[in-house]
Amino acid sequence: PVMEETVRRLEAEMQYEVGGVGRYASDLFVGGNPWSLSAIWLALYYADAGKVDEAQRHLEWCLRHAMLHDYMPEQSDKHTGAPARAAPLAW
C-alpha cells in the first residue's frame, strides 16, 4: 500500500507537457525535466505489479525520446521533448 500510494503521488505530482517522469516533485535541476531512468524505474515497478500496459506506456515514452541508435538522454526537455543535459548515457 505504501508503494502504491508513492507511485500514485509520483504520477499525480509530475505532469509534463511531453509526458515522462521526474526524479521527484520539487526537482528544479535544469528547470525540472522528465528523466529517462525515472521512467524506466517506474516501468519496472508496474511490470512487477502485473500492470503491463502501464509499464509499456513508460517504456514507449523512453523510446519516443531516444536519440540516434536508441541512446537515451539523461533528461528530456519538459516543453519540447528534446534531449537535455548529458546525452547519451551508458546505462
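The values are calculated or read from the model by the stated rules, or taken from the named source; none is laboratory data. Since this is a predicted model, take the numbers as computed values, not measurements. Neighbour counts are summed over all protein chains in view; Cβ atoms, including those assigned to glycine, are modelled from backbone coordinates with ideal geometry. SASA here: full protein model, heavy atoms, side chains in, ligands and nucleic acids out. Shrake-Rupley method; radii C 1.70, N 1.55, O 1.52, S 1.80 Å.
For the reader, a short list of remarks on this structure follows.
- The set of residues from the stretch 59-80 being in contact with a helix residue (DSSP H, G or I) (Cβ under 9 Å, 6 or more places away or on another chain) and either buried (at least 19 other Cβ atoms within 10 Å of the Cβ) or among the hydrophobic types (A, V, I, L, M, F, W, C) (or both) comprises L59, W61, C62, L63, H65, A66, M72, P73, Q75, S76, D77, K78.
- R85, sole failed condition from (1) farther than 20 Å from E4 by Cα; (2) out of contact with any helix residue (DSSP H, G or I) (no Cβ under 7 Å at 6 or more places or on another chain); (3) open to solvent by 10 Å² or more (accessible area, probe 1.4 Å): (2)
- Among the residues of the stretch 54-91, just one is assigned to a loop (DSSP other than H, G, I, E, B), charged (D, E, K, R) and either more than 12 Å from the chain's Cα centre (by Cα) or farther than 14 Å from V21 by Cα (or both), namely R85.
- Those residues of the stretch 24-38 which are open to solvent by 30 Å² or more (accessible area, probe 1.4 Å) and hydrophobic (A, V, I, L, M, F, W, C), in sequence order: A25, L28, F29, V30, L37
- Neighbours by Cβ (under 7 Å, 6+ apart or cross-chain): first from the stretch 3-28, part of a helix (DSSP H, G or I); second surrounded by 10 or more Cβ atoms within 10 Å (Cβ to Cβ) and of a type in the set (G, A, S): E13/A25
- Hey, L44 closer than 19 Å to L89 by Cβ, surrounded by fewer than 17 Cβ atoms within 10 Å (Cβ to Cβ) and modelled with pLDDT of 95 or more or not: yes
- Search result, residues across the stretch 29-53 that are more than 10 Å from the chain's Cα centre (by Cα), assigned to a loop (DSSP other than H, G, I, E, B) and within 23 Å of P83 (Cβ to Cβ): G32
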